[in-house]
Amino acid sequence: MPFVFDPSAFPLVMGILNMTPDSFSDGGKFTSVGQGLSRIEHMIRQGADIIDVGGESTRPGSDPVSAEEEISRVVPVLREAVKAFPDTLFSCDTMKAEVAKAALDAGVQIINDVSGLQHDPEKASLAAEYGAALVIMHSQGKPKTMQQNPVYANVVPEICAFLQKQSAFAESCGVKEIMIDPGIGFGKTTEHNLAIFRGIESFSKLSRPVLIGVSRKSVIGKLLDDRPVEGRLAGTIALHYDALLKGASALRVHDVQEASDSIRIFQSIYGGATT
């Protein structure tokens, strides 16, 4: 049976596990299977609904790695994690079809594609074959050069049109469950990113669950007088709460406890939850 998100469970927390030496926030912290499993267990205890495991940094200016290297980083920990935590959803953050297939064989239920099917469109057919969900994110350019003068005529409508087009393509390939992500910081200036936040309702109107990934990103640092990564938590939480108010279905985060707490408060006020 194809995997389907449960709308009654929204908003979801997607915890980030970067099995990389060079990710912008936590590169080099989790490089062994044991370190990865320990981090996964910690995030689950803090309230993560999905664990998103990546093996290639996509920070601005980063260099690509081979599919073989990426697989060697993510598949061993995914294989063990899926068995160890059967009640948790697992996602693989990759642009490559070869890596996506290896992750699906390891048992993940979600493929998170920051290229929005631009790099390897066959990931859509793979997701359909395995009954997996697909996260389609918008990005302009490649990570190595994406922040070198990104230009849009009208950023929110252009991203909406891209997400609609790529979602329709994925559906035509047989994908049943699609989540969309406007791609904060992926080929966008600070003003482009702020326009996306002002227009989150436009993405919510596309009749897809909306994932927001802004955790610790450089736009927060720029808004806070060039604050370094370790000082961006409060700014992250502020943007998360704004996204929740505008209909976001999921938050992709480094700081799981804080995101989970924000959602609990949000639901207590707006969702009729009681404590």
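Summary of computed values
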quantity	calculated
Taking 225, 120, 255 and counting other C-beta atoms within 10 Å, the order from fewest to most	225, 120, 255
Residue among 199, 46, 36 farthest towards the positive dipole end of region 10-269, charges placed on Cβ	199
Cα-based convex hull volume of region 9-153 per residue, rounded to whole Å³	119
Distance in nm between pseudo-label sites at residue 84 and residue 206 (7 Å out along the Cβ direction from Cα)	3.5
Table column - 3J(HN,Hα) (Hz), region 33-46, Karplus curve with 6.51, -1.76, 1.60, x for Gly and Pro	4, x, 5, x, 5, 5, 5, 4, 4, 4, 5, 5, 4, 7
Region 71-76 - phi-based ³J(HN,Hα) in whole Hz, Karplus 6.51/-1.76/1.60, Gly and Pro as x	4, 5, 7, 9, 5, x
Pairwise label distance in nanometres, residue 8 with residue 31, each label 7 Å out on the Cα-Cβ vector	4.5
Beta bridges per DSSP with both ends in region 10-269, % antiparallel, nearest 5	0
Scaled radius of gyration (Cα, divided by 2.2 N^0.38 Å) that region 143-275 gives	1.11
Placed amide H near residue 184: partners under 5 Å, 5+ positions off or other chain	213
Residue 189 long-range amide H proximity, modeled H, under 5 Å	none
Above-threshold pairs, the threshold being 31 Å between Cα atoms, out of 123/217; 29/205; 165/188; 165/217; 29/165	29/205; 29/165
Gain on full stretching of the segment that runs from residue 194 to residue 122 - 0.36 nm per residue minus C-alpha separation	22.7 nm
Approximate spin-label separation residue 38-residue 105, in nm, with each point projected 7 Å along Cα-to-Cβ	3.0
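All of the numbers you see were taken from the coordinates with simple rules; none came from a lab. Worth saying up front: this structure is predicted, and the values here are computed from it rather than measured. Cβ sites come from the backbone with ideal geometry, for glycine too, and all protein chains shown count toward neighbours.
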